[in-house]
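The values are calculated or read from the model by the stated rules, or taken from the named source; none is laboratory data. As the structure is a prediction and not an experimental result, all values here were calculated from the model. Heads up, the Cβs are rebuilt from the backbone with ideal geometry, glycines too, and the neighbour counts pull from every protein chain shown.
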Amino acid sequence: MSKVTFLFPKLHLETVILQIHRNISSKYCCKLLILGGGTGGCSIAAKFSRVLKENEIIVVEQCERHYYQPGFTFIGIGQGQLSKSWKLMKDVLPKNVIWIKDIVTSIDPDNNLVITKRGCQILYEFLIISLGLDLNFGKIRGLVDALCEPEVCSIYSVKYVTKTFEAIKRIDRGTAIFTHPRCPIKCQGASQKIAYLCDHYLRKVKRRECVKIIYNTANPDLFAVRRYSNVLWEVTERRDIQVNLKTNLIEVHPSTREAVFEKDKKTKVFKYDFLHVTPYMKPPAVLRATKSLVDKNGYVKVNKHTLAHVDYPNVFAIGDCCNAPNSKTAAAVAVQSYVVFNNLKACMLGKDSYFFYNGYSSCPIFTEIGKCVMAEFLYNGVPFETFPFKQDKERYSMYYGVKLFMPTLYWKFMMNGRWNGPSNIRKIFHPFQQHQYGIDQ
Ligand code: FAD
Ligand code: UQ1
């Protein structure tokens, strides 16, 4: 495992000393504050809960439930149930951390202070931001109203995911449209996975001939990594799925079932009988409001290799809300959590060493119920595969591997801080490969 010497600016912890007394109920202080109890927040809390003392960690998370979001694609095609895709936050978070169930409303990194909606003031020595992305259905005019109709849906939201399969089951003719927005999103593959699965379902029930399937994406290619987009182009051609690139949804008229798209600054209206929308996404409001922490789009400014904040050495970010240019997935978070854990631990001890994140991400692209292209890659779309066979192929093994083993890997290993990505598996299959940990230089 590569460890490289690097100078973290030393913190003068004596000066950060928390002057608030623990016995004032709405005032807290802690060694490590974690914002967000999603994939990143829970996995890193689990890691630090083994090295820090009881009550030295506080997690602020607004939700009662922790969802396994990768399962939403299966739910959308009737291969999973929403009721089985979540656990209570209290059961996912480690037992020896303090959970403040509230919304973070203010972050003041100059004074090491976070304030919540109900008025808790929390002073921290070290901060990890893992607030994910907010879904922004409202950005597309008419969409929120359209989502009240039975034929408009989205696997991206807890609210609409179950409805997706209901809507797919009802398709019997006409045009089914799937969209992908013009912004970074979590799991860039999910917007097209659901189109392929829908196509497969319609073939199974022998209604495919009556339905035209269109995938309208704002992106310039089907997938950001050429190796995998090649195979996906073959899939869409073979299965007669029309792909329109650089075609961005801007408006929906539910009463006439029309979706308005923009391409090359011109608008084009598509009639639909079924519409699956992948919404715009944006960092949570509190991040966008904290200008000193974020870039112009509201993502936390980190060094893309160390994941330390570029200006505040006691602040790190992990997952979808940071501005490292990796593809935003839980698979990426697994590797990032390992890097952040080691770098922050070194920082806490005043050591000058760091681990290096090279952008690893993975996206299992289901092309049928029973087939999956397992995309794995680094920064700049460089393929970086784990298994001893070509992964730019549709495979049965990858589909069932993801469906059957990934939830256990997520709940039992990742949420306990014990899954750092597939580096150890890769080491078995590719013992002489460089960069085998996905985290070295
Ligand atoms: P999240 O897990 O979203 O956590 C953010 C947390 O912050 C949430 O719990 C939220 O409630 C909390 N929060 C936000 N704002 C505040 C606030 N102001 N105050 C308090 N709490 C707040 N990844 C894969 O690796 N493989 C897949 O196959 C895959 N498929 C996917 C399919 C779908 C449909 C979706 C939606 C996602 C998929 N992902 C997949 C992506 C993966 O789920 C995310 O990348 C991952 O969950 C990101 O983790 P995170 O911690 O950054 O954000
Ligand atoms: C992964 O690590 C992960 O996080 C737990 C996922 O989310 C559920 C994934 O979908 C994938 C594919 C990985 C990567 C794991 C392997 C074995 C390639």
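Just a few scattered comments:
- Residue within segment 406-415 that is more than 14 Å from ligand 1 (Cβ to nearest atom) and either in a strand (DSSP E or B) or more than 24 Å from Ile44 (Cα to Cα) (or both) present: no
Residues checked against (1) part of a loop (DSSP other than H, G, I, E, B); (2) over 27 Å from Glu56 (Cα atoms); (3) away from ligand 2 (no atom under 16 Å from the Cβ); (4) free of Cβ contacts under 8 Å to residues at least 60 places away in the same chain:
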{"position": "Gly71", "(1), (2), (3), (4)": "no, yes, no, no"}
{"position": "Gln79", "(1), (2), (3), (4)": "yes, yes, no, no"}
{"position": "Ser83", "(1), (2), (3), (4)": "no, yes, yes, yes"}
{"position": "Asp91", "(1), (2), (3), (4)": "no, no, yes, yes"}
{"position": "Asn96", "(1), (2), (3), (4)": "yes, no, yes, yes"}
{"position": "Trp99", "(1), (2), (3), (4)": "no, no, yes, no"}
{"position": "Ser106", "(1), (2), (3), (4)": "no, no, yes, no"}
{"position": "Asn111", "(1), (2), (3), (4)": "yes, no, yes, yes"}
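- Criterion violated by Val402 - all others in (1) surrounded by 22 or more Cβ atoms within 10 Å (Cβ to Cβ); (2) closer than 23 Å to Ala224 by Cα; (3) within 12 Å of ligand 1 (Cβ to nearest atom) satisfied: (1)
- Just one residue in the set Leu18, Leu7, Leu32 is under 25 Å from Leu93 (Cβ atoms), among the hydrophobic types (A, V, I, L, M, F, W, C) and at pLDDT below 95; that residue is Leu18.
- Residue match in segment 72-86 (condition: within 20 Å of the chain's Cα centre (by Cα), at pLDDT 95 or above and more than 21 Å from Met406 (Cβ to Cβ)): no
- Annotation: Leu52 fulfils all but one of (1) part of a helix (DSSP H, G or I); (2) more than 21 Å from Leu287 (Cα to Cα); (3) more than 15 Å from ligand 2 (Cβ to nearest atom); the unmet one is (1).
- Selection within segment 50-68 - closer than 30 Å to Met348 by Cβ and within 10 Å of ligand 1 (Cβ to nearest atom): Val59, Val60, Glu61, Gln62, Cys63, His66
- Pair list, Cβ under 6 Å, 6 or more apart: segment 414-433 residue in contact (Cβ under 8 Å) with a residue 40 or more places away in the chain and within 13 Å of Thr39 (Cα to Cα), other residue polar (S, T, N, Q) and surrounded by 13 or more Cβ atoms within 10 Å (Cβ to Cβ): Met414/Ser43; Gly417/Ser43
- Segment 33-49, residues that are within 18 Å of Cys347 (Cα to Cα) and among the polar types (S, T, N, Q): Ser49
- Verdict on Ile115 being touching a His at 6+ places or on another chain (Cβ under 9 Å) and hydrophobic (A, V, I, L, M, F, W, C): no
- For segment 207-225, the criterion of being closer than 18 Å to Gly370 by Cβ and in contact (Cβ under 8 Å) with a residue 40 or more places away in the chain is met by none of the residues.
Residue-by-condition table, conditions (1) part of a strand (DSSP E or B); (2) crowded, with 16+ Cβ neighbours inside 10 Å:
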site	(1), (2)
Lys163	no, yes
Asp172	no, no
Ala176	yes, yes
Ile213	yes, yes
Asn216	yes, yes
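- Among residues of segment 146-161 that are free of Cβ contacts under 8 Å to residues at least 24 places away in the same chain, those with a beta-carbon under 7 Å from a residue that is in a loop (DSSP other than H, G, I, E, B) at least six positions away or on a different chain give the pairs Tyr160/Leu147; Tyr160/Ser154.
- Residue check for Gly350: touching a helix residue (DSSP H, G or I) at 6+ places or on another chain (Cβ under 9 Å), within 9 Å of ligand 1 (Cβ to nearest atom) and either within 24 Å of Phe405 (Cβ to Cβ) or not hydroxyl-bearing (Ser, Thr, Tyr) (or both): no
- In a residue-by-residue description of segment 195-207, the property of being part of a strand (DSSP E or B) and modelled with pLDDT of 95 or more applies to no position.
Conditions tested, residue by residue: (1) of a type in the set (A, V, I, L, M, F, W, C); (2) more than 10 Å from ligand 2 (Cβ to nearest atom).
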{"residue": "Thr329", "(1), (2)": "no, no"}
{"residue": "Gln336", "(1), (2)": "no, yes"}
{"residue": "Pro364", "(1), (2)": "no, no"}
{"residue": "Met374", "(1), (2)": "yes, no"}
{"residue": "Asn380", "(1), (2)": "no, yes"}
{"residue": "Met415", "(1), (2)": "yes, no"}
{"residue": "Trp419", "(1), (2)": "yes, no"}
